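Step one of this worksheet: look at the structure below.
The values are calculated or read from the model by the stated rules, or taken from the named source; none is laboratory data. Since the model is a prediction, treat every value here as computed from it, not as a measurement. With ideal geometry, Cβ positions are generated from the backbone for all residues, glycine too; neighbour counts draw on all protein chains shown.
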Amino acid sequence: MPGQVPALTTVPVGRLSLDRFQSILPADRYQTVMDAVQRARELFAGRVVWNVNSTARGGGVAELLVSLLAYTHGAGVNARWEVISATDEFFSLTKRIHNNLHSAPGDGGELGDAERRVYEGSLAPNVEEFVGMVQPQDVVIVHDPQPAGLIPPLKERLDVPVIWRCHVGIDTPSDLSRRAWAFLRPYVEPADAYVFSRRAFVWEGLDDAKIELIAPVIDAFSPKNAELEPEIVAAILEVAGFNQDGAAKVAPTFHRIDGTPDRVERRAEIDEERPLRAPDPMVLQVSRWDRLKDPLGVISGFAEHVAPHTDAHLVYAGPAVDAVADDPEGVEVLREAKALYQGLPSAARERLHLACLPMQSAAENAAIVNALQRRANVVVQKSIAEGFGLTVAEGMWKARPVVASRIGGIQDQIVDRHSGLLLDDPADLAAYGAAVSGLLQDPARAEQIGHAAQERVRDDFLAVRSLLQYLALVQRLLAS
């Protein structure tokens, strides 16, 4: 209809050459990549590979897509990315589903007929617009629960190959997680393939012949993971507001994912008694303001079990909550974290820094996270539930020792006591504190674990592995 506001937002997709991986991959693996790229160019000629999700920034899925689609484009495949729009009521509902999938009650609401009407009604404009964009020869990848309702009409009206990619999961299902599965299953089942991060996350009742396992990966050349010299790290953190001792001697520059130069210009919003100083040891968790990331436990455990035994500081860094459209709980969780912080004794508050990172530029935000991870002595990911945990691989790639919960995909990344330390019970704050304090008190062991962590990521969790798996999956679907 003329003048109608589009339901979908097109996210620009860059183009990155896979040639850059020649510098960090063994020769035989690099040749395997190049051979696969040549086959992909021939098979995907004239086709579009569409990706649909619920946000272009502020979460791990969006971060994965930025690099994955740019490399897909660089391989000669026409990759496109669309983001759905919906009502606040829809995103409150899908946050409830997200929580339930992790066996958390969330807002305690129902998942019945009324919620199904909200879900389908909000997605309806997206469905109509998207079906009009996709051609019969194309392929569609739908990411996570929010846009899953697009799958049935794509199959019924166009019969294009559709992949549903689930980035979340839980090792042991519960009544709550099964309730969420039951709500989503009618939308998911018609897909031609279901991609999960690990076998334990696969839903009961799905056709096993359609299951694919593809663990997430990081891009070693993105602004979040590219090498930064120590003086650049100091400069970025000074401009962002973390260091204010005037020690920076260079400009806070970095390179965007396409190689063009950029610089950090915006400050984070930081609750703190005083800024970090150069000699301060630092413990870091980077996460959304989400109860499943356990910010309150991270803060309390540090104040009670790390601060009394070390001179370290904790930085808990999350995105500015007004920039994450699909997570309505963020404001409330941030408020709870600030209330906890304010209630602590002054001596504990002096060692704590709660930061909301600027989100106006995804590349700038990534560069700040990169600098924080390289500044950290220990990286933490003390989640209660986690699909994969990209921040774990990010910290490992920077040769930092990581302390993380033995849950979800985290336990696939870390070999306990070799490439990181796993916490058997995320709620055991004393064990969390002991693990972090032990690494701070034994720098040689921390360095050894950090080096092993980096090599593990090089072997198993770099972007080319995921790209090859997706290309192989789509090739099989087209062949059938």
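Structure data summary
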quantity	calculated
Every pair of residues 6+ apart whose Cβ atoms lie under 6 Å, when the first sits in the stretch 338-349 and is within 16 Å of Ala312 (Cα to Cα) while the second is assigned to a loop (DSSP other than H, G, I, E, B)	Ala348/Ala307; Arg349/Glu273
Whichever residue in the stretch 6-29 is among the aliphatic types (A, V, I, L, M) and closer than 20 Å to Val49 by Cβ and, among such residues, is surrounded by the most Cβ atoms within 10 Å (Cβ to Cβ)	Leu16
Residue count, the stretch 423-442 (criterion: free of Cβ contacts under 8 Å to residues at least 24 places away in the same chain and either crowded, with 20+ Cβ neighbours inside 10 Å or of a type outside the set (Asp, Glu) (or both))	2
Qualifying positions in the stretch 43-65 - at pLDDT below 90 and in a helix (DSSP H, G or I)	Leu43, Gly60, Val61, Ala62, Glu63, Leu64
Val168 being aliphatic (A, V, I, L, M) and modelled with pLDDT of 95 or more	no
Which listed residue is within 17 Å of Val217 (Cβ to Cβ), touching a Phe, Trp or Tyr at 6+ places or on another chain (Cβ under 8 Å) and basic (Lys, Arg), from Arg20, Arg80	Arg20
Search result, residues across the stretch 357-392 that are within 16 Å of the chain's Cα centre (by Cα), among the hydrophobic types (A, V, I, L, M, F, W, C) and not in a strand (DSSP E or B)	Met359, Ala362, Ala363, Ala366, Ala367, Ile368, Val369, Ile384, Ala385, Phe388, Leu390, Val392
Residue in the stretch 45-54 that is crowded, with 19+ Cβ neighbours inside 10 Å, outside the structural domain of Asp322 (by TED's automatic domain parsing), of a type in the set (Val, Ile, Thr) and closer than 26 Å to Gln454 by Cβ present	no
Enumeration of residues in the stretch 378-422 that are acidic (Asp, Glu) and free of Cβ contacts under 8 Å to residues at least 40 places away in the same chain	Asp416
Pair list, Cβ < 6 Å and 6+ apart or interchain, from the stretch 83-99 residues that are at positive phi to residues that are of a type in the set (D, E, K, R)	none
